[in-house]
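One structure below.
We did not get these values from a lab; they are worked out from the coordinates using the rules stated. As the structure is a prediction and not an experimental result, all values here were calculated from the model. When we count neighbours, we look across all protein chains shown, and the Cβ atoms used for this are built from the backbone with ideal geometry, even at glycine.
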Amino acid sequence: MTSAFSNGRVLLDGGWRDDVAVLVDDARISAIVAATDPRVAAADRVHDLDGHHLLPGFIDVQVNGGGGVLFNDDPGVETIARIGAAHARFGTCGFLPTLVSDDLATMRAAIAAVDAAIVQGVPGVLGIHLEGPYIAPARRGAHDPRQFRVPGADEIELVCSLRHGVTVLTLAPECVTPALVHEFSRRGVLVCLGHSDASHAQARAALDAGARGFTHLYNAMSPLQGRAPGMVGAALEDRDSWCGIIVDGHHVDAASLRVALAAKPRGKLMLVTDAMPPVGADAADFMLAGQRVSVRDGRCVNAAGSLAGSALDMATALRNTMTWLDVSLAEAARMAATYPAQFLGLAQHSGRIAAGCRADLLEVAADGTLLRVHQAPPHAR
């Protein structure tokens, strides 16, 4: 069945166009055509955008939970599907279920579940994010320090064992060798640096060994100081790496995020939620690593007072980015979709409105308010 999206402002690679329509066939974008093209009227279904904006579906590379469930608690296909459905309501059409530091059995179950979810066609699943357990106790945040360790040969094989989709691994470079960072990277794992008290030199060595990005910039990492630039300094200085940022008003001050926008090349900052079970659910509090996490005014805090993920959804992150960081709708949309797809190596078929890409499409108002979500079925991957 062919669908057409017309009478709106469409975000293409070159910017906004209000004189085109988007044709979708078999869940992929088949063509971008003139609004007057006869194929638009001949489509089986025509979506009248009524002058609204059409964006690519959001991609979130750090999703711990949603819909009232946490991936660590029950790392199975049903949990992944429930998390994905909760976030899809807020425009997230692609995501990485994220496992915070845990034992070998839980890691093994999580990787197997993601493989099975992709094979079974659970909507939105692009791979897995292993956030730890090779991280630093000094910057543990809400992670369980009893799970921290250095991986042996069998565990290295486990981390590299996902058969379908992308694996992202967050580690602290002072806790593993550059040789191990290189080995993970050589085998296709996207290494991000985070939960780390590393020096600038240690972070730089990991980047030189193949690390691709930084997990939730500024949070749980050594800060930038005049004579000790730390991991934040390495992240802001490096031209090639991607940085995830949490724009919820709790994790990072807006001024610090504006500094990052000024320092990093365009395209290297991507929105992430670091979302926890409350997203898309009525329940507020939840358990993480044996501790109760309380959610008050959108802030998730454990008993020790540490931030424990967020209650942020990507649609809100987009609007916050526009309002607090003075970013245009087009650029905020790229930060939520195009740049994450580039980081994951999926930009040829995700995160953009272009012929051949997945037809994950969002209708939004001029102020960024999400109006409708059109998520392509998973067989279009």
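Of note:
- Kirkwood Rh, Cα atoms: Rg over Rh of the stretch 26-88: 1.18
- Around residue 192: net Lys/Arg minus Asp/Glu count, Cβ-Cβ under 11 Å: 0
- Kyte-Doolittle at least 1.6, axis length at least 20 Å by Cα - qualifying DSSP helices, the chain: none
- Going by neighbour counts of Cβ atoms within 10 Å, the residues 292, 82 line up, fewest first, as 292, 82.
- In plain terms, the residue of 370, 269, 96 with the fewest other Cβ atoms within 10 Å comes first and the most crowded comes last, giving 370, 269, 96.
- Cα gyration tensor, the chain - rounded (a/c under 1.5), prolate or oblate: prolate
- Each of 155, 78, 131 has some number of other Cβ atoms within 10 Å of its Cβ, and from fewest to most they run 78, 155, 131.
- Distance from the stretch 141-174 to the stretch 304-381 (C-alpha centre basis), Å: 27 Å
- Table column - 3J(HN,Hα) (Hz), the stretch 17-34, Karplus curve with 6.51, -1.76, 1.60, x for Gly and Pro: 9, 10, 10, 10, 10, 10, 9, 10, 9, 6, 6, 10, 6, 8, 6, 10, 10, 4
- Computed per residue of the chain from DSSP H runs no shorter than four, each worth -39500 (n - 2.57), the mean residue ellipticity at 222 nm is -7500 deg cm²/dmol.
- Around residue 235: net Lys/Arg minus Asp/Glu count, Cβ-Cβ under 13 Å: +2
- Expressed to the nearest 5 percent, the antiparallel share of DSSP beta bridges inside the chain is 50 percent.
- Interatomic Cα distance distribution for the stretch 228-381, bins of 5 angstrom, percent: 2, 9, 16, 18, 19, 16, 13, 7, 2, 0
- Rounded to 5, the percent of DSSP beta bridges in the stretch 207-357 classed as antiparallel: 55 percent
- Taking 7 Å steps out from each Cα toward its Cβ at residue 19 and residue 112 produces label points 5.7 nm apart.
- Surrounding net charge for residue 152, when Lys and Arg each add one and Asp and Glu each subtract one, Cβ distance under 15 Å: -3
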